[in-house]
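Below is one structure, written out as structure tokens, with a few remarks after it.
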Amino acid sequence: MIKLSDLGQVYIVCGKTDLRKGIDGLATLVKEQFELDPFSGKVFLFCGGSKDRFKALYWDGQGFWLLYKRFENGKMNWSRNQNEVQALSSEQVDWLMKGFAISPKIKNTKVREFY
């Protein structure tokens, strides 16, 4: 398995992205909509309408890599805040790849007392 965080800083492009876009379309989106450099050696993650697949765009210094992954079982917990890019820690990348939220929420659990 490829560990994306080993390639460099990973950014999640929140919201829904048209996954029919190829390298040029995704690189243009990174540069124009988010004012980030697609040639920076960072990894940019994009998700379409179905949360069971994503694309990763990565520049290795000589060319772009476009990685595509589809989960056979389950879906990712992908943030749907449009027009937002978020830097992820390596731990958050691992959580995302396992289908967990990248910001775990603390649940308030009610303690039930027995008499």
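For the range 1-16, name all the residues that are in contact with a helix residue (DSSP H, G or I) (Cβ under 9 Å, 6 or more places away or on another chain) and either open to solvent by less than 20 Å² (accessible area, probe 1.4 Å) or closer than 15 Å to Ile102 by Cα (or both).
Here is the first cut: in the range 1-16, the ones in contact with a helix residue (DSSP H, G or I) (Cβ under 9 Å, 6 or more places away or on another chain) are 1, 3-6, 10-13.
Within the range 1-16, Leu4, Ser5, Val10, Tyr11, Ile12, Val13 meet the criteria.
Scanning the range 36-64 for residues that are part of a loop (DSSP other than H, G, I, E, B) and either modelled with pLDDT under 95 or of a type in the set (A, V, I, L, M) (or both) turns up Leu36, Gly48, Gly49, Ser50, Lys51, Asp52. Of the set (1) closer than 19 Å to Glu91 by Cα; (2) without any contact (Cβ under 8 Å) to a residue 12 or more places away in the chain; (3) not charged (D, E, K, R), all apply to Trp65 but (1). Checking each residue in the range 51-91 for being over 16 Å from Gly22 (Cβ atoms), surrounded by 14 or more Cβ atoms within 10 Å (Cβ to Cβ) and of a type in the set (Gly, Ala, Ser) picks out only Ser79. Please find, within the range 8-35, the residue that is nearest to the chain's Cα centre (by Cα) out of those that are under 15 Å from Asn77 (Cβ atoms) and assigned to a loop (DSSP other than H, G, I, E, B). Per the criteria, the residue is Cys14. Just checking, does the range 59-76 include any residue being of a type in the set (Asp, Glu) and in contact with a strand residue (DSSP E or B) (Cβ under 9 Å, 6 or more places away or on another chain)? No.
The values are calculated or read from the model by the stated rules, or taken from the named source; none is laboratory data. Everything numeric here is computed off the predicted structure, so don't read it as measured data. Using ideal geometry, Cβ is built from the backbone for each residue, glycine included, and neighbour counts are taken over all protein chains shown. The area values use the complete protein model at the heavy-atom level, side chains included, leaving out ligands, DNA and RNA. Shrake-Rupley method; radii C 1.70, N 1.55, O 1.52, S 1.80 Å.
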